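The structure appears below as structure tokens.
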Amino acid sequence: MHSNNSAQKIILNYTIALIPLILYGFYRNGIIVYQNYETSLFQLFKPIILPAFSFFLGFLADKYYFHHDSSESFTPLLMTISAMLMPPTVNTILYLILSSITIIISKFISTKINLALFNKLLVIIAILFLSNYTYLNQYESSISMHYNVIDLLFGRSSGGLAVTSSLLCLISYIYLMSTSIYKKIIPPIIICTYLILNIFLLPIFSFHQLFNNFLNSTILFASIFIATLPIYSPITLKEQITYSIIIGITSFILINFLSVYEGIYIILLITPLINKIVSKIAPKLILKKR
């Protein structure tokens with residue numbers, strides 16, 4: 001358990017670390033689209049408006065629905081992350097309606113769920129039934145795109161509204177590592193586990209395809225910002241290591257064989273279940289020091 005003061009610091013640090021990604025999302029899915037494709041001013045500022053609306057929605061939910069102190073609650077942060085994960089062309093009204101439903105439902109679920117990912121799941125299901133499921137923005141949909149390694153690292157490839165830049169994710173990780181309480185060991189173990197397992201797929205997939213899957217999956221963002229959240233991740237070092245390895249293995253399977261864009265978020269959605277498993281097997285997998 002963390003003190004109220006610690007919770008406030010954690011939330012502030014995560015928020016600061018997310019700002020560069022949101023600004024890059026504004027450039028990639030706002031400015032570039034506006035310059036090259038006929039779109040409205042709302043669409044121009046959508047990568048900023050959607051996270052801001054989501055933060056405000058989380059704030060209102062804490063104050064009037066959950067009756068939490070918003071300065072110590074993760075709800076506004078989780079809703080902001082949820083907006084950042086959305087496909088660039090997501091319908092804003094649909095997103096806000098489903099976000100409200102997510103908040104209402106979450107109060108009646110006994111098991112702790114990740115609001116950001118549960119909301120993402122609802123929106124993706126709705127998109128599959130109601131519109132075209134794609135992570136391309138309007139401009140990318142109108143032309144043929146070819147990405148090189150630099151494009152992928154800088155986040156010029158298709159992906160969520162404000163989560164595609166691997167370079168900015170790494171910079172944010174360096175910042176978060178310098179802060180207190182952040183569980184810095186989790187991201188590298190997830191990433192290393194994932195990359196090591198990819199070696200076994202080289203006879204099946206090309207290196208370029210595996211590299212594309214790695215960066216397009218936004219596994220860096222998920223590992224740095226979601227897997228480390230203190231309200232969903234283990235406390236002890238042994239449990240964090242086991243937890244990270246499990247996420248790395250399952251992410252490898254889901255990203256490469258189910259969905260590049262949704263793979264890691266599917267497993268992170270059920271982190272409460274993972275934590276229960278980890279608490280039982282961690283002491284057996286990692287020898288205690290004598």
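The residue of the stretch 133-150 that is nearest to the chain's Cα centre (by Cα), among those that are closer than 13 Å to PRO88 by Cβ, outside any loop (DSSP other than H, G, I, E, B) and not polar (S, T, N, Q), is GLU140.
Among the residues of the stretch 204-240, the ones that are among the hydroxyl-bearing types (Ser, Thr, Tyr) and farther than 20 Å from ILE281 by Cβ come to 5 in all.
Quick check on TYR34: is it in a helix (DSSP H, G or I) and closer than 22 Å to THR218 by Cβ? No, not satisfied.
Please tell me if PHE59 is surrounded by fewer than 20 Cβ atoms within 10 Å (Cβ to Cβ), at pLDDT 90 or above and touching a Pro at 6+ places or on another chain (Cβ under 7 Å). Before you say what the answer is, go through the steps one by one.
Details: surrounded by fewer than 20 Cβ atoms within 10 Å (Cβ to Cβ): yes; at pLDDT 90 or above: yes; touching a Pro at 6+ places or on another chain (Cβ under 7 Å): yes.
Considered against the rule, which asks whether it is surrounded by fewer than 20 Cβ atoms within 10 Å (Cβ to Cβ), at pLDDT 90 or above and touching a Pro at 6+ places or on another chain (Cβ under 7 Å), PHE59 comes out as yes.
What do you reckon, is ILE199 aliphatic (A, V, I, L, M) and under 24 Å from LEU12 (Cβ atoms)? The answer is no for ILE199.
When LEU195, LEU237, LEU254, LEU258 are screened for being touching an Asp or Glu at 6+ places or on another chain (Cβ under 9 Å), modelled with pLDDT of 85 or more and surrounded by fewer than 21 Cβ atoms within 10 Å (Cβ to Cβ), only LEU254 passes. Return the residues of the stretch 86-132 that are among the small types (Gly, Ala, Ser) and part of a helix (DSSP H, G or I); say none if nothing qualifies. Selection gives SER99, SER100, SER106, ALA116, ALA126.
From the list LEU153, LEU168, the lone residue that is assigned by TED's automatic domain parsing to the domain that holds LEU12, part of a helix (DSSP H, G or I) and either at pLDDT 85 or above or in contact with a His (Cβ under 6 Å, 6 or more places away or on another chain) (or both) is LEU168.
Looking for something β-branched (Val, Ile, Thr), part of a helix (DSSP H, G or I), within 28 Å of ILE22 (Cα to Cα) and in contact (Cβ under 8 Å) with a residue 60 or more places away in the chain - is there at least one such residue anywhere in the stretch 203-222? Break it down into steps so the answer makes sense when it comes.
Initial filter on the stretch 203-222 (β-branched (Val, Ile, Thr)): 204, 218-219.
Next, only the ones that are part of a helix (DSSP H, G or I) stay: 219.
Narrowing the set further to residues that are within 28 Å of ILE22 (Cα to Cα) leaves 219.
Among the residues that remain, those that are also in contact (Cβ under 8 Å) with a residue 60 or more places away in the chain are: none.
Taking every residue of the stretch 203-222 in turn, none turns out to be β-branched (Val, Ile, Thr), part of a helix (DSSP H, G or I), within 28 Å of ILE22 (Cα to Cα) and in contact (Cβ under 8 Å) with a residue 60 or more places away in the chain.
One residue stands out in the stretch 127-144 among those that are of a type in the set (A, V, I, L, M, F, W, C) and closer than 20 Å to PRO47 by Cα: the one that is surrounded by the fewest Cβ atoms within 10 Å (Cβ to Cβ), namely LEU136.
Of TYR14, TYR34, TYR24, which residue is in contact with a Leu (Cβ under 8 Å, 6 or more places away or on another chain), of a type in the set (Phe, Trp, Tyr), surrounded by 16 or more Cβ atoms within 10 Å (Cβ to Cβ) and under 20 Å from ASN114 (Cα atoms)? Even if it seems obvious, please write down each step before you answer.
Values: TYR34 fails: under 20 Å from ASN114 (Cα atoms); TYR24 fails: under 20 Å from ASN114 (Cα atoms).
When all the criteria are applied, what remains is TYR14.
Of all residues in the stretch 76-89, exactly one satisfies the criterion of being among the β-branched types (Val, Ile, Thr) and surrounded by fewer than 24 Cβ atoms within 10 Å (Cβ to Cβ), namely THR89.
Could you list, in sequence order, all residues of the stretch 72-98 that are under 17 Å from the mean Cα position of the chain (by Cα), hydroxyl-bearing (Ser, Thr, Tyr) and closer than 18 Å to TYR133 by Cα? Steps first, answer last, please.
From the stretch 72-98, those under 17 Å from the mean Cα position of the chain (by Cα) are 74-88, 90, 95; that's our starting set.
In the following step, the residues that additionally are hydroxyl-bearing (Ser, Thr, Tyr) were identified as 75, 80, 82, 95.
Hits for the stretch 72-98 are SER82, TYR95.
Across the stretch 147-188, the number of residues qualifying as of a type outside the set (A, V, I, L, M, F, W, C) and under 28 Å from VAL123 (Cα atoms) comes to 14. Just checking, does the stretch 215-233 include any residue being more than 21 Å from LEU115 (Cα to Cα) and crowded, with 18+ Cβ neighbours inside 10 Å? Scanning the stretch 215-233 turns up at least one residue that is more than 21 Å from LEU115 (Cα to Cα) and crowded, with 18+ Cβ neighbours inside 10 Å. Of the residues in the stretch 45-55, at least one is within 24 Å of LEU128 (Cα to Cα), part of a helix (DSSP H, G or I) and of a type in the set (Ser, Thr, Tyr).
Would you please name the residue that is farthest from GLY159 (Cα to Cα), looking only at residues in the stretch 29-57 that are of a type in the set (Phe, Trp, Tyr) and within 20 Å of the chain's Cα centre (by Cα)? Don't jump to the end; show me each part of the working.
Going through the stretch 29-57, the residues of a type in the set (Phe, Trp, Tyr) turn out to be 34, 37, 42, 45, 53, 55-56.
Narrowing the set further to residues that are within 20 Å of the chain's Cα centre (by Cα) leaves 53, 55-56.
Numbers: PHE53: 20, PHE55: 21, PHE56: 24 Å.
If we take residues in the stretch 29-57 being of a type in the set (Phe, Trp, Tyr) and within 20 Å of the chain's Cα centre (by Cα), then PHE56 is farthest from GLY159 (Cα to Cα).
The values are calculated or read from the model by the stated rules, or taken from the named source; none is laboratory data. No experiment lies behind these values; they were computed from the predicted model shown. Glycine also receives a Cβ, built like all others from the backbone with ideal geometry; neighbour counts cover every protein chain displayed.
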